[in-house]
Amino acid sequence: MNLDAVKQLADLMINYNLSSVNYEEGDFKVSLYKEPRMRIAAPFVAEPPAAEVSAPQSANLVNVTAPVVGTAYRAMNPGETPLVSLGDVVDVGDALCVIEAMKIFSEITSPCKGTVVEIAFEDGSLAGYGAKLITLEKSE
């Protein structure tokens, strides 16, 4: 048995994050398998939908909420300017922020024309389903 060959195969598995390797040379055959590791996330208690989290104080206020549980970001890419800031005027469909869930990025857009009066999340923080992200003051 060639222990150096087995070590090289194990190193290949580690370097290329492989779950198995099979090798044959003449009568020499070896199969290496790595058991997958499960990552267990810390428990997360999702906030109730926005209607229960906080009611707008005025009929002109609109809470934009998280449609999924994920990480909320103010910009499309790290280091870029935030999509909106306090006092910005937005139109229907304008991007307000993004949420990443399972490596999929979802753009959160404005449901109405209005002014950003509150940004209710920290950049890069976890947002629960229905959590308030941004409050807009509707303009007619």
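Each value in this text was obtained by applying a stated rule to the coordinates, not by laboratory testing. Everything numeric in this text was worked out from a predicted model, so none of it was measured. A quick note on method: Cβ atoms are made from the backbone with ideal geometry, for glycine too, and the neighbour counts reach across all protein chains shown.
Relative contact order for region 50-138: what percent, with Cα pairs under 8 Å and sequence separation of 6 or more?
Once divided by the residue count of region 50-138, the mean separation gives 39 percent.
Where a Cα-Cα gap under 28 Å defines reach, which lysines qualify for LYS113, not counting those fewer than 8 residues away within the same chain?
Leaving aside lysines fewer than 8 places away in the same chain, those within reach of LYS113 are LYS132, LYS138.
Could you point to the residue in ALA95, PHE105, SER85 farthest towards the positive end of region 74-137's charge dipole, with +1 and -1 charges on the Cβ of Lys/Arg and Asp/Glu respectively?
The residue sitting farthest along the positive end of the dipole is PHE105.
What are the residues whose amide H is under 5 Å from the amide H of ASP94, where those residues sit 5 or more places off or on another chain and H is modelled from the backbone?
Residues meeting the criterion, in which the H sits 1.01 Å from N, are SER110.
Between SER20 and LEU61, what is the label-to-label distance in nm when each label sits 7 Å out along the Cα-to-Cβ direction?
Spacing of the two 7 Å Cα→Cβ label points: 5.8 nm.
Evaluate E = 1/(1 + (r/R0)^6) for GLU137 and ALA95, where r is the Cβ-Cβ distance and R0 equals 25 Å; express this FRET efficiency to the nearest 0.05.
After rounding to 0.05, the efficiency reads 0.85.
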